[in-house]
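So the structure is just underneath, and the comments pick up after that.
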Amino acid sequence: MKKVLIDKVIENLEAAKQPQSDFVKLMDRFKNPFLVLIACILSLRTNDKTTYPATLRMLEIGRTPEAFAKCDVKELEKAIYPVGFYANKAKQIKELSQILYEKMDSKVPDEIDELVKFKGVGRKTANLVLALGFNKPAICVDVHVHRICNRLGYVKTKTPEETEFALREKLPEKYWLIINTILVTHGQNVCKPIKPDCANCPISDYCNRVGV
C-alpha cells in the first residue's frame, strides 16, 4: 500500500493549477460570513455551473441580512431559479435572514454549534462559513473531499461527517482552510466520481486508488 504523503499531495495539487469553477472562485473572494452562508445554501444539490449565475442574480437583491429579510420571497425565487429546490431555498434564506436581522443584530455566529441551529444548515456549510467567512480553522467536507480522501487511502470513512472528524485528528491544521478548495477543484477536473483520470493525476504517486 502506498504511503499517502499529504504534504506532497497538497504541494502537487497547488502546483498543478487546475482550473477552478467560477463559483469556487466567487466563494473564495467573498470574505463575508453572510454571503458565504447564503451562497452555500444555494449550492446544495446543485452543480456549480447553475449555482454561479444564480448567486450573482441573488446578490442583485442585496448583500445583508436586512435586505433579504425584507425582500419578496417570490422575487428571490425568480432570482435563484433553476437551482435545486429553489422555492424551499428562497424561503430558507429569507427566514434565516429575518432571524439574523431581527434577533442577532445581523451578525452570523462564528461557532459550528450555533450555525447548525439554523434550519437546513449542516456541518459542511457551517465549516465553510468559518473557513471562508471568518478565516477560522475549519474543515469543510463535501462529496469531493470525502471521495478523494478515501480514494487516496488517507482516511477510511463511510460518510462526509466521519471524514471531517478523521481529518481533524490527522490533517495538519495549516491545511484546514485550503483543503476544500483544493480537493473540490481536483474532484471537478480529474478525480471525478466516475472514470477518474488517473493517468493525468498529479498525485497518482501518493494515491492508493481505493475503490477505483
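The values are calculated or read from the model by the stated rules, or taken from the named source; none is laboratory data. Since this is a predicted model, take the numbers as computed values, not measurements. Virtual Cβ from ideal backbone geometry, glycine too; neighbours counted across all protein chains shown. Side chains are part of the model used for accessible areas, which takes the heavy atoms of the whole protein and leaves out ligands, DNA and RNA. Shrake-Rupley method; radii C 1.70, N 1.55, O 1.52, S 1.80 Å.
Do the sum for the chain: with -39,500 (n - 2.57) for every DSSP H run of n ≥ 4, divided by all residues, what is the mean residue ellipticity at 222 nm, to the nearest 500 deg cm²/dmol?
Result for the chain: -16000 deg cm²/dmol, rounded to the nearest 500.
On a C-alpha basis, how far is the centre of region 135-212 from the centre of region 79-133 in Å? Whole number, if you could?
Using only Cα atoms, the two centres lie 25 Å from each other.
Residue by residue through region 67-76, which ³J(HN,Hα) values in whole Hz follow from phi under the Karplus form 6.51 cos²θ - 1.76 cosθ + 1.60 (θ = phi - 60°), with glycine and proline marked x?
4, 7, 5, 9, 6, 7, 5, 5, 5, 5
Give the aspartates and glutamates reachable from residue 103 as a straight Cα distance under 13 Å; neighbours fewer than 8 places away on the same chain don't count.
Leaving aside aspartates and glutamates fewer than 8 places away in the same chain, those within reach of residue 103 are 66, 95.
Just to check I understand the Karplus step: with θ = phi - 60° and J = 6.51 cos²θ - 1.76 cosθ + 1.60, what whole-Hz values come out for region 98-109, glycine and proline as x?
Per-residue couplings from phi come out as 5, 5, 4, 6, 8, 10, 10, 6, 6, 9, 6, x Hz.
What pairs in 2/156; 70/136; 31/91; 124/156; 49/78; 25/195 have C-alpha atoms more than 21 Å from each other?
Result: 70/136; 31/91; 25/195 exceed 21 Å.
State in Å² the accessible area per residue of region 91-167; use a 1.4 Å probe, count heavy atoms of protein chains only, and round to the nearest integer.
In whole numbers, region 91-167 has 48 Å² accessible per residue.
Whole-Hz ³J(HN,Hα) for each residue in region 202-211, computed from phi via Karplus 6.51 cos²θ - 1.76 cosθ + 1.60 with θ = phi - 60°, x for glycine and proline: what do you get?
For region 202-211, the Karplus-derived couplings read x, 10, 4, 5, 10, 10, 8, 6, 4, x Hz, x marking Gly and Pro.
Using alpha-carbon pairs under 8 Å, 6+ residues apart, how would you state the relative contact order of region 79-212 in percent?
Details: 128 pairs, mean separation 24.8, N = 134.
Rounded, it is 19 percent for region 79-212.
What distance in nm separates the two pseudo spin-label positions at residue 208 and residue 159, each 7 Å out from Cα along the beta-carbon direction?
Each label point is offset 7 Å from its Cα along the Cβ direction, giving 2.3 nm.
Would you mind getting the accessible area per residue of region 172-212, heavy atoms of the protein chains only, 1.4 Å probe, in Å²? Walk me through the numbers before you get to the answer.
Numbers: 2200 Å² over 41 residues.
It amounts to 54 Å² per residue over region 172-212.
In terms of the Cα gyration tensor, with a ≥ b ≥ c the square roots of its eigenvalues, is region 15-77 rounded because a/c is under 1.5, prolate because a/b exceeds b/c, or oblate?
Prolate is the answer for region 15-77, as a/c is 1.5 or above and a/b outweighs b/c.
According to the square roots a ≥ b ≥ c of the eigenvalues of the Cα gyration tensor, what is the shape class of region 58-176, taking rounded for a/c under 1.5, prolate for a/b larger than b/c otherwise, and oblate for the remainder?
prolate
Give me the mean projected area, in nm² to one decimal, of the convex hull enclosing the Cα positions of the chain.
So the Cα hull casts an average projection of 11.3 nm².
At what distance in nm do the modelled label points of residue 59 and residue 18 sit from each other, each positioned 7 Å from its Cα along Cα→Cβ?
For the pair residue 59/residue 18, the computed spacing is 2.4 nm.
If we sort 123-131, 94-102 on the protection proxy, mean other Cβ atoms within 10 Å, highest first, what's the order?
The packing order, highest mean first, is 123-131, 94-102.
What does the convex hull of the Cα atoms of region 141-186 come to per residue, in Å³, rounded to a whole number?
Taking the convex hull of the Cα positions in region 141-186, it is 62 Å³ per residue.
For the chain, set up a GNM with springs between Cα atoms under 10 Å and report which of 192, 136, 158 has the largest fluctuation.
So, out of 192, 136, 158, the one fluctuating most is 158.
Looking at region 1-60, which trypsin sites (Lys or Arg not before Pro) are in a loop (DSSP not H, G, I, E or B) and have at most 14 other Cβ atoms within 10 Å?
2, 3, 17, 31, 45
Please report, in debye to the nearest 20, how large the charge dipole of region 123-212 is about its Cα centre when each Lys and Arg carries +1 at its beta carbon and each Asp and Glu carries -1 there.
With Lys and Arg at +1 and Asp and Glu at -1, about 140 debye.
Taking residue 170 as the anchor, which aspartates and glutamates have their alpha carbon closer than 15 Å to its alpha carbon, excluding any fewer than eight residues away along the same chain?
Within the straight-line cut-off, residue 170 pairs with 7, 161, 162.
How many percent of the accessible area of region 1-90 is carbon or sulfur, using a 1.4 Å probe?
On the way: 2530 of 4870 Å².
Accessible surface attributable to carbon and sulfur in region 1-90 totals 52 percent.
Treat every Asp and Glu Cβ in region 22-166 as -1 and every Lys and Arg Cβ as +1, leave all other atoms uncharged, and give the resulting dipole magnitude about the Cα centre to the nearest 20 debye.
380 debye
Rounded to the nearest percent, how much of the accessible area of region 167-211 (1.4 Å probe, protein heavy atoms only) is carbon and sulfur? Mind dumping the intermediate values first?
Working: 1220 of 2460 Å².
Of all accessible area on region 167-211, carbon and sulfur atoms account for 50 percent.
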